Amino acid sequence: MRSLVAVLVTLILPFAPTTPAHARGLDDVYAERLVKRVKGADVAEHLRAFQAIADANGGNRAAGTPGYDASRDYVAGKLRQAGYDVTLQPITFIRGWTETTPPTLESTAPTQKTFTPDQEFHTFRPSPAGDVTEQVQAVDLTLPPSATPSSTSGCEAADFEGFVAGRIALLQRGTCPFVRKVGNAAAAGASGVIIFNEGQPGRTDSEPVNIGDWRSGIPMVYADFAVGQQLAATSGTTVRLRVDADLVLGTNHNVLAETSAGDPGDVVMVGAHLDSVPAGPGINDNGSGSAAVLQVAEEMAKFPVKNKVRFAFWAAEEAGLLGSEQYVAALSPADRDRVRAYLNFDMVASPNYAYKVYDGDDSDGVGSAAGPPGSGRIEKLLTAFFRSRGLATVGADFDGRSDYGPFVKAGIPAGGIFTGAEGVKTPQEAKLFGGTAGAAYDDCYHLACDTISNYNATALDVNADAIADATARLAFSLRSIPRRTAPDPAAEAVKG
């Protein structure tokens with residue numbers, strides 16, 4: 001029996017340029033051919049289909065709407081036509097959350113004090129309902145607060161050593177996501193959670209916050225710094241915490257498809273979120289990423305691969321990365337180990353674009369920490385493509401705002417491309433990429449005007465080629481991409 005490499009050479013050589021495959025490597029030959037087949041005009045056809053779906057379904061493609069269902073069916077249909085076996089993975093999301101009556105937060109002992117809802121504290125959305133009267137227990141507070149944000153209260157499971165199950169956890173805002181604090185508290189047996197603002201100028205008052213996660217099952221509120229300070233001042237303080245809310249859950253589906261060929265022990269994942277926000281059709285955010293990944297998948301179906309490639313179109317990203325989070329959570333440790341790399345493409349055609357590549361190794365030394373080992377290699381792979389076109393790139397942080405987050409948290413090497421959202425283009429970026437300095441990368445971010453007229457065709461074409469190039473290369477070679485490492489809690493960077 002011939003080796004896999006010999007078979008691949010035989011199948012690919014008819015499509016290859018005159019330079020012999022052995023002189024350049026199969027990944028080079030395959031990447032060149034796949035890039036040529038992926039055309040911006042074809043990607044744009046998918047964008048027009050997403051716009052038509054939104055037009056026929058109330059103007060959006062948001063999770064839980066007919067527009068999302070139609071988008072799911074469109075992508076699944078195209079993948080099946082290309083020859084893939086398609087899996088629709090059900091995921092749970094919040095269909096609706098309503099606070100029926102105002103919440104209650106009051107100290108009942110040793111002194112009585114009632115705090116005012118919507119002024120001194122707010123219910124975290126989407127808090128489960130609950131009514132508990134228990135002693136509060138402070139967890140790793142920094143009082144008085146430091147001059148700059150630094151609190152790690154509740155960020156690690158170890159913070160809850162000695163926590164008495166059944167008590168209400170009193171936590172301080174700081175340097176990790178609210179949702180992590182709540183999850184750690186629930187795992188420690190807390191019956192409720194009070195998080196108060198950290199205390200620096202500009203970080204004293206509470207406000208309505210949606211953490212996108214209801215799975216703690218316990219009531220949770222966000223309080224002013226002054227409220228937290230009062231509750232922490234006296235040991236043994238007992239508090240009544242009540243949230244009266246109706247939480248309605250629904251089901252959507254991730255769309256998953258993988259190549260029939262390729263080593264199932266070495267899986268390359270390529271993903272984009274398929275849902276829009278309720279406000280509009282989401283053509284740039286994230287029709288652009290979904291359309292580009294879909295076109296790459298359609299063209300890749302025509303070629304063999306060495307490593308299995310799995311394409312993912314995520315549901316309910318806009319509701320809190322729910323599709324990707326639930327996907328990663330459902331993987332066994334062995335299945336997580338098989339995923340050698342994850343590539344994420346969220347907003348790849350912003351009108352006032354910059355070519356941003358996720359800074360996998362924190363080479364710029366600013367912002368969020370590096371991704372898991374191997375992420376720097378993915379960054380270099382992507383930047384090399386742009387460099388081959390004479391194009392500059394700038395770094396983008398793993399700030400936890402897109403579907404790479406759960407993969408990074410699980411220790412899976414990650415990378416991807418981003419062209420900017422509501423942030424403002426710098427003068428340096430305007431020199432590198434053109435466009436308008438001082439203006440948003442996408443003025444229609446999360447708005448009704450994110451329509452078929454809200455994307456840059458040049459960025460879409462170039463980035464679709466970059467996606468094809470990186471996917472093809474990893475489909476044939478995972479050199480320098482190490483196996484999954486133990487998760488690094490510092491990799492999460494959405495700050496509480």
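The values are calculated or read from the model by the stated rules, or taken from the named source; none is laboratory data. A quick note: this is a predicted structure, and the numbers were derived from the prediction, not measured. Cβ: placed from backbone, ideal geometry, glycine included. Neighbour counts: every protein chain shown. For accessibility, only protein heavy atoms count, side chains too; no ligands or nucleic acids. Shrake-Rupley method; radii C 1.70, N 1.55, O 1.52, S 1.80 Å.
Overview of values
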item	result
Residue within region 376-395 that is in contact with a Phe, Trp or Tyr (Cβ under 9 Å, 6 or more places away or on another chain), of a type in the set (G, A, S) and more than 29 Å from Q89 (Cα to Cα) present	yes
Lone qualifier among L241, L249 - being buried (at least 22 other Cβ atoms within 10 Å of the Cβ) and either in a strand (DSSP E or B) or of a type outside the set (F, W, Y) (or both)	L241
Residue among S375, S402 that is without any contact (Cβ under 8 Å) to a residue 60 or more places away in the chain and of a type in the set (S, T, Y)	S375
Pick from region 351-381, criterion in contact with a Gly (Cβ under 7 Å, 6 or more places away or on another chain) and more than 22 Å from A410 (Cα to Cα), ranking: most open to solvent (accessible area, probe 1.4 Å)	D364
Of the criteria (1) touching a strand residue (DSSP E or B) at 6+ places or on another chain (Cβ under 8 Å); (2) surrounded by fewer than 19 Cβ atoms within 10 Å (Cβ to Cβ); (3) at pLDDT below 95, which one L432 fails	(3)
Flag if N454 is surrounded by 16 or more Cβ atoms within 10 Å (Cβ to Cβ), in a loop (DSSP other than H, G, I, E, B), modelled with pLDDT of 95 or more and not basic (K, R)	yes
Residue that is nearest to N252 (Cα to Cα), among those in region 56-69 that are buried (at least 18 other Cβ atoms within 10 Å of the Cβ) and among the aliphatic types (A, V, I, L, M)	A63
Complete set of residues in region 291-318 that are out of contact with any His (no Cβ under 7 Å at 6 or more places or on another chain), small (G, A, S) and surrounded by 23 or more Cβ atoms within 10 Å (Cβ to Cβ)	A292, A297, A312, A316
Residue list for region 174-197, filter: open to solvent by 10 Å² or more (accessible area, probe 1.4 Å) and of a type in the set (F, W, Y)	F178
Pick from region 394-420, criterion open to solvent by 10 Å² or more (accessible area, probe 1.4 Å) and assigned to a loop (DSSP other than H, G, I, E, B), ranking: nearest to R377 (Cα to Cα)	D397
Scope region 336-371; condition closer than 13 Å to G416 by Cα and either touching a His at 6+ places or on another chain (Cβ under 8 Å) or not in a loop (DSSP other than H, G, I, E, B) (or both); matching residues	A341, Y342, L343, N344, F345, D346, K356, V357, Y358
Selection status of S107, among the hydroxyl-bearing types (S, T, Y), at pLDDT 95 or above and in a loop (DSSP other than H, G, I, E, B)	no
Candidates D85, D73 - the one that is open to solvent by 20 Å² or more (accessible area, probe 1.4 Å), charged (D, E, K, R) and without any contact (Cβ under 8 Å) to a residue 60 or more places away in the chain	D73
